[in-house]
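The values are calculated or read from the model by the stated rules, or taken from the named source; none is laboratory data. The model shown is predicted, which means the values in this text are computed figures rather than measured ones. All Cβ positions, glycine included, derive from the backbone under ideal geometry; neighbour counts span all protein chains shown. Just the protein is used for accessible areas: all its heavy atoms, side chains included, with ligands, DNA and RNA removed. Shrake-Rupley method; radii C 1.70, N 1.55, O 1.52, S 1.80 Å.
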Amino acid sequence: MNFGIDRNAVTDEAKHMAVFLQKVLDRVVKAYASYNMPLPSRRYYTFGDPVMDCEQVVVTFIQAYIGTPGDEATAPRRASDPRTATLNITVSRKIPVVGANGRPPTAEAIQDAAEITAYDAYILLDSAAKFDTWEDEGYGIGVIATVDVKAPEGGIQTTSLTVTTAIP
């Protein structure tokens, strides 16, 4: 879909945020691959809250600002200062639910699913280091990263990394 816009006519500079978000998604996929941990095949970036209705990996743009990660921005900043984005990176997976017979899932099934969620939480938090550098070597200006797990909804549970990182 082109939504009535000739994307080829748009300058490359205007595409910078889209390129950045795709690179974030690619780095998440590479992080999971380095742990030999499968990810859902549905993968995308978006703006606004994504619908968590199936297994998927989503990079969601929350905000961007001028300044470094964690900068309180209580004073005006030069437009040439670093730019920073806050993103949510979510991995949603199926979890056991009450069966058609009305029986709750077994404790073993619940813990098995929780173990996969624990893997996701660790890998996502560990992947935050991949957003502190955008060059081949060295670290950048730092990140802020937190992981949490959302309450299950409709047989899906979502593990979420909120990361604030410099936009290269």
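Those residues that are touching a helix residue (DSSP H, G or I) at 6+ places or on another chain (Cβ under 9 Å), more than 20 Å from Tyr122 (Cβ to Cβ) and open to solvent by 70 Å² or more (accessible area, probe 1.4 Å), I need them from the stretch 32-46; list them, please.
Matches in the stretch 32-46: Tyr45 only.
Would the stretch 59-82 turn up any residue that is without any contact (Cβ under 8 Å) to a residue 40 or more places away in the chain, over 17 Å from Leu25 (Cβ atoms) and open to solvent by less than 30 Å² (accessible area, probe 1.4 Å)?
Yes.
Is there any pair with a first residue in the stretch 6-24 that is farther than 21 Å from Thr60 by Cα and without any contact (Cβ under 8 Å) to a residue 24 or more places away in the chain and a second that is among the β-branched types (Val, Ile, Thr) and loosely packed, with under 14 Cβ neighbours inside 10 Å whose Cβ atoms are under 9 Å apart and which are 6 or more apart or on different chains, and what are they?
Listed by first residue and then by second, the contacts come to Asp12/Val19.
It is to be established whether one or more residues within the stretch 140-149 are open to solvent by 80 Å² or more (accessible area, probe 1.4 Å), over 15 Å from Ala31 (Cα atoms) and assigned to a loop (DSSP other than H, G, I, E, B).
Yes: one or more hits.
Out of (1) touching a Lys or Arg at 6+ places or on another chain (Cβ under 8 Å); (2) closer than 20 Å to Thr159 by Cβ, the odd one out for Pro96 is which?
(1)
Among (1) open to solvent by 90 Å² or more (accessible area, probe 1.4 Å); (2) farther than 26 Å from Val28 by Cβ, there is one condition Gln111 misses while meeting the rest; what is its number?
Among (1) open to solvent by 90 Å² or more (accessible area, probe 1.4 Å); (2) farther than 26 Å from Val28 by Cβ, Gln111 violates only (2).
Only one of Val29, Val24 is of a type in the set (Val, Ile, Thr), open to solvent by 40 Å² or more (accessible area, probe 1.4 Å) and within 20 Å of Ala145 (Cβ to Cβ); which?
Details: Val24 fails: open to solvent by 40 Å² or more (accessible area, probe 1.4 Å).
Of Val29, Val24, the one residue that is of a type in the set (Val, Ile, Thr), open to solvent by 40 Å² or more (accessible area, probe 1.4 Å) and within 20 Å of Ala145 (Cβ to Cβ) is Val29.
Tell me which of these Thr158 doesn't satisfy, since it passes every other one: (1) open to solvent by less than 30 Å² (accessible area, probe 1.4 Å); (2) in contact (Cβ under 8 Å) with a residue 60 or more places away in the chain; (3) over 12 Å from the mean Cα position of the chain (by Cα).
(3)
I'd like the full set of residues that are surrounded by fewer than 17 Cβ atoms within 10 Å (Cβ to Cβ) and closer than 30 Å to Val97 by Cβ, limited to the stretch 122-139.
Residues satisfying the conditions are Tyr122, Leu125, Asp126.
Any residue at all in the stretch 95-107 that's in a strand (DSSP E or B) and either open to solvent by 90 Å² or more (accessible area, probe 1.4 Å) or not basic (Lys, Arg) (or both)? Please lay out each step first, then the result.
Let us first name the residues in the stretch 95-107 that are in a strand (DSSP E or B), namely none.
No.
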